[in-house]
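Here's the structure we're looking at; comments come further down.
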Amino acid sequence: MTAQTYWAEHAWLNDTVEPGVLITTAPTGHITATRADVPQPPPGAVALRGLTLPGFANAHSHCFHRALRSSVQIGSGTFWTWRSSMYALSQELTPDSYFALARAVYAEMALAGITCVGEFHYLHHDRGGARYGDPNAMGRALIAAASAAGIRVTLLDTCYLSAGFGEPPDPSQLRFSDGTADAWAERAAALRGGDTARVGAAVHSVRAVPADALATVAAWAAERDAVLHVHLSEQPGENEACHRAHGRTPARLLADHGVLGPRTTAVHATHLTDDDIGLLGRAGTAVCLCPTTERDLADGIGPAAALRAAGSPLCLGSDSHAVIDMLAEARGVEMHERLGSRVRGHFTAAQLLRAAGESGYAALGWPEAGRLEPGGLADFTTVALDSVRTAGPPPRLAAEAAVFAATAADVRHTVVGGRHVVRDGVHQLVPDVPRALTRSIAALGAAR
């Protein structure tokens, strides 16, 4: 890497749209200086036309779900019938095919302005649960794929041990399970990050990790100062089963076993009691909302405003990748609140941009990113202000135009660590992303 200067036609600095902003980056991949009110790009500077924002952090991804796009939109059903299709797909992946698919999906993310992804990874082993020669072959494939696509990744290595409360894994879940929490911890300890990759932990859910194993996962993360994520109360059925098994809600069960806290992110958190919301807020536990998936799977509308008021930082994820569009996810948070309350204006554009960027980075263990300021990581993205969706509003309303009107198709540039990964809408490392997606997904279909 070499030092580089970018000139942003407009940039979002400290919640304000500023004109003509110079952003200087260092070979380390950090921002060294920013300066506003520079009317034209100086010689040697790379011009970024539009609104430049901190890069988006996709805090919750199941990469292989991208192969289900459109094919699961036929007929009716519920989350549980969708899950059957997802399980069938999961049986076809190998380390090589997972790398090919993930590289294409992460490249699609870069085209959407995503500079960091949290991969909630539980597809650990071969069919039937057989171990690969390298027990972390699948996880390493994901880390390599993110590097090849030019984005950062936090691999959230996931403990998944049971099919339900007191139930062993069924045949389709054997690939996910290490057998015991201690075996999971031993395997996960062999994973290593790097300049653009970090390793965290995840509890798949209270139904997939027995209560007496929760503390093992929490301790593993605490010993490494690593982030810890968990699916929480995505479905009423999960809450009901937890009450039958333990006489309490999933959130209370997690709290009782030391899982909640400021390094923890609860994903979905859709069906919470008032007490649950208070538990999460008092613990400083973040919540990752995935509005597109929560709509797509008919999960329900989560209590975003109440969680924020209780003290939980909010971040965003594209989860099942029905679409990959962090602007749509940000917009969805506000629109869900409007539908539920019949009142507009719960979240400002600035609050939603922080959820899509800075808060997501923090939830993924990159607290030094998510802001366009000296010392921060040089991760940013530029949204066009002259498309049919964004043209018209004055520049001072560019943040509102981006959040409430733009889509991923309006992303023109993506820079990660000072490296220009997407230039004028073209990925510089994966030259034909649609073809890469088509080939990698078709290969899985041929295997079925």
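Numerical summary
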{"quantity": "Test result for D386, more than 15 Å from A401 (Cα to Cα) and either hydroxyl-bearing (S, T, Y) or in contact with a Lys or Arg (Cβ under 9 Å, 6 or more places away or on another chain) (or both)", "calculated": "no"}
{"quantity": "Residues of the stretch 77-90 classified as in a loop (DSSP other than H, G, I, E, B) and open to solvent by 70 Å² or more (accessible area, probe 1.4 Å), total", "calculated": "1"}
{"quantity": "Test: residue in the stretch 430-447 that is part of a loop (DSSP other than H, G, I, E, B) and under 21 Å from the mean Cα position of the chain (by Cα)", "calculated": "yes"}
{"quantity": "Residues satisfying the stated conditions in the stretch 43-65, i.e. farther than 26 Å from T390 by Cβ and not in a strand (DSSP E or B)", "calculated": "P43, G44, H62, C63, F64, H65"}
{"quantity": "A222 vs. criteria out of contact with any Leu (no Cβ under 7 Å at 6 or more places or on another chain) and under 29 Å from G417 (Cα atoms)", "calculated": "yes"}
{"quantity": "Test: residue in the stretch 245-266 that is of a type in the set (G, A, S), touching a residue at least 40 places away in the same chain (Cβ under 8 Å), buried (at least 24 other Cβ atoms within 10 Å of the Cβ) and over 30 Å from R192 (Cβ atoms)", "calculated": "no"}
{"quantity": "Close pairs (6 angstrom Cβ cut-off, 6 or more residues apart or separate chains): within 14 Å of P291 (Cβ to Cβ) in the stretch 305-321, open to solvent by 40 Å² or more (accessible area, probe 1.4 Å) and charged (D, E, K, R) anywhere", "calculated": "L314/R308"}
{"quantity": "Count - residues of the stretch 309-331 that are in a helix (DSSP H, G or I), in contact with a Leu (Cβ under 8 Å, 6 or more places away or on another chain) and surrounded by fewer than 24 Cβ atoms within 10 Å (Cβ to Cβ)", "calculated": "2"}
{"quantity": "Criterion violated by L53 - all others in (1) among the aliphatic types (A, V, I, L, M); (2) free of Cβ contacts under 8 Å to residues at least 60 places away in the same chain; (3) under 19 Å from E373 (Cα atoms) satisfied", "calculated": "(2)"}
{"quantity": "Single unsatisfied condition, H336 versus (1) part of a loop (DSSP other than H, G, I, E, B); (2) open to solvent by 10 Å² or more (accessible area, probe 1.4 Å); (3) in contact (Cβ under 8 Å) with a residue 40 or more places away in the chain; (4) in contact with a Lys or Arg (Cβ under 9 Å, 6 or more places away or on another chain)", "calculated": "(1)"}
{"quantity": "Single residue of A402, A350 found to be open to solvent by less than 10 Å² (accessible area, probe 1.4 Å), under 24 Å from L22 (Cα atoms) and aliphatic (A, V, I, L, M)", "calculated": "A402"}
{"quantity": "Failed condition for I74, given (1) among the hydrophobic types (A, V, I, L, M, F, W, C); (2) touching a residue at least 12 places away in the same chain (Cβ under 8 Å); (3) open to solvent by 10 Å² or more (accessible area, probe 1.4 Å); (4) over 23 Å from L377 (Cβ atoms)", "calculated": "(2)"}
{"quantity": "A146 being touching a helix residue (DSSP H, G or I) at 6+ places or on another chain (Cβ under 7 Å) and either among the small types (G, A, S) or not in a helix (DSSP H, G or I) (or both)", "calculated": "yes"}
{"quantity": "Enumeration of residues in the stretch 166-193 that are modelled with pLDDT of 95 or more and among the small types (G, A, S)", "calculated": "S177, G179, A181, A183, A185, A188, A189, A190"}
{"quantity": "Restricting the stretch 212-230 to residues that are of a type in the set (G, A, S) and over 16 Å from A283 (Cβ atoms), the residue that is surrounded by the fewest Cβ atoms within 10 Å (Cβ to Cβ)", "calculated": "A219"}
{"quantity": "Of all residues in the stretch 231-242 being out of contact with any Ser or Thr (no Cβ under 7 Å at 6 or more places or on another chain) and either open to solvent by less than 10 Å² (accessible area, probe 1.4 Å) or of a type outside the set (G, A, S) (or both), the one that is nearest to T265 (Cα to Cα)", "calculated": "L232"}
{"quantity": "Residue that is buried (at least 24 other Cβ atoms within 10 Å of the Cβ) and in a strand (DSSP E or B), where the choices are V117, V105", "calculated": "V117"}
{"quantity": "Hey, D195 closer than 27 Å to G360 by Cβ, assigned to a loop (DSSP other than H, G, I, E, B) and touching a residue at least 12 places away in the same chain (Cβ under 8 Å) or not", "calculated": "yes"}
{"quantity": "Looking only at the stretch 10-30, and only at residues there that are at pLDDT 95 or above, closer than 22 Å to L352 by Cα and not hydrophobic (A, V, I, L, M, F, W, C), the one that is least open to solvent (accessible area, probe 1.4 Å)", "calculated": "H10"}
{"quantity": "First in the stretch 31-46 and surrounded by fewer than 10 Cβ atoms within 10 Å (Cβ to Cβ), second anywhere and polar (S, T, N, Q), Cβ under 7 Å, 6 or more apart", "calculated": "G44/T5"}
{"quantity": "Every residue from the stretch 128-140 that is under 12 Å from A197 (Cα atoms) and either open to solvent by 10 Å² or more (accessible area, probe 1.4 Å) or without any contact (Cβ under 8 Å) to a residue 40 or more places away in the chain (or both)", "calculated": "R140"}
{"quantity": "Sole exception among (1) crowded, with 22+ Cβ neighbours inside 10 Å; (2) in a helix (DSSP H, G or I); (3) polar (S, T, N, Q) for S172, by number", "calculated": "(1)"}
{"quantity": "A190 open to solvent by 20 Å² or more (accessible area, probe 1.4 Å) and part of a loop (DSSP other than H, G, I, E, B)", "calculated": "yes"}
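The values are calculated or read from the model by the stated rules, or taken from the named source; none is laboratory data. Nothing here was measured: the structure is a model prediction, and the numbers come from that model. Positions of Cβ are backbone-derived with ideal geometry, glycine not excepted, and every protein chain shown enters the neighbour counts. Ligands, DNA and RNA are excluded from the accessible area calculation, which covers all protein heavy atoms including side chains. Shrake-Rupley method; radii C 1.70, N 1.55, O 1.52, S 1.80 Å.
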